[in-house]
1. Using DSSP, restrict attention to beta bridges with both residues in the chain and report what percent are antiparallel, rounded to the nearest 5.
2. Ordered by residue, what ³J(HN,Hα) values in Hz, to whole numbers, does region 65-81 give under the Karplus form 6.51 cos²θ - 1.76 cosθ + 1.60, where θ = phi - 60° and Gly and Pro are x?
3. Please give the per residue accessible area of the chain, computed with a probe of 1.4 Å over protein heavy atoms only, in Å².
4. Report the semi-axes of the equivalent ellipsoid for the chain in whole Å, largest first, where each axis is √(5λ) for an eigenvalue λ of the Cα gyration tensor.
5. Determine the calculated [θ] at 222 nm for the chain from helices alone, applying -39500 (n - 2.57) to every DSSP H run no shorter than 4 residues and normalising by the residue count; nearest 500 deg cm²/dmol.
6. For region 2-162, with only Lys/Arg (+1) and Asp/Glu (-1) charged at the beta-carbon, what is the dipole magnitude about the Cα centre, in debye rounded to 20?
7. For a Förster distance of 45 Å, can you work out the FRET efficiency between the beta-carbons of residue 40 and residue 218, rounded to the nearest 0.05?
8. Can you compute the FRET efficiency between residue 48 and residue 91 using 1/(1 + (r/R0)^6), with r the Cβ-Cβ distance and R0 = 22 Å? Round to the nearest 0.05.
Amino acid sequence: MRIDIISVIPELISSPFSSSIIKRAIESGVVKVHFHNLRDYSKSKHKKVDDYQYGGGPGMVLMIEPIENCLSQLKSKTSYDAIVLMTPSGKQLDQKLSNKFSLFKNIIIVCGHYKGVDQRVKDYLITHEVSIGNYVLTGGELPAAVFCDSIIRLLPGGIGNETSALNDSFQDGLISAPIYTRPENYKGMTVPKILLSGNSSEIEKWRDKKSIELSSRKNDL
Ligand code: 6GU
């Protein structure tokens, strides 16, 4: 898979890609991530990428021109399955959306910033708008890193244990059951007996029951 990420602050987004599973996936060639600084695609003297909004109002708006320049340059060399804008008004990310994107070969992610982007970017250049939840962040960089992480860990060879991603919480719409490791008894806090029983069908039943309980209580504070 190839992911191109366009941002006004590319350094804000690159660090999550230099550690752990994501780093290994990149090193093994499972995914290639390219970062592009939007300012490099501005044709103006001062590398301007944003401007005031027509009709008045606070905040700066990302202009269409540098975004279009960057996209057309990328599209002239590679064919893309999706061009995503990270924006709080987009479709809320969930496991199903990550699964869908993990099947794509090449994608572009544009990070929104400031007040937002010129509507014509959404109307003419973008294929999907994605949000990571109902709260506002200062830019689309952290959301893009979250989105990429959730995609990359699903790629074959992108995660150590091949079956692990399929067993994740949410893959079946449920939270995984509680998990424990040694010691069996830590200062009086014990591991549920059933897990030590060796009875795999009973263990599976217990896990299913816990998983349903946890899922129904997930949003209780
Ligand atoms: Cl994608 N962008 C911003 N700026 N804020 C967000 C978001 C995206 N998703 C949730 N909040």
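The values are calculated or read from the model by the stated rules, or taken from the named source; none is laboratory data. Note that the coordinates shown come from a computational prediction; the quantities given were computed from them, not determined experimentally. Positions of Cβ are generated from backbone atoms using ideal geometry, with glycine treated the same way; all protein chains shown enter the neighbour counts. What goes into the accessible areas is simple: the full protein's heavy atoms, side chains included, and nothing from ligands, DNA or RNA. Shrake-Rupley method; radii C 1.70, N 1.55, O 1.52, S 1.80 Å.
1. Close to 20 percent.
2. Per-residue couplings from phi come out as 4, x, 5, 5, 4, 5, 4, 6, 5, 5, 5, 6, 10, 9, 9, 10, 7 Hz.
3. About 61 Å² of surface per residue is accessible.
4. Here the semi-axes work out to 41, 20, 15 Å.
5. -9500 deg cm²/dmol
6. 260
7. 0.55
8. Plugging the Cβ-Cβ distance into 1/(1 + (r/R0)^6) gives 0.15.
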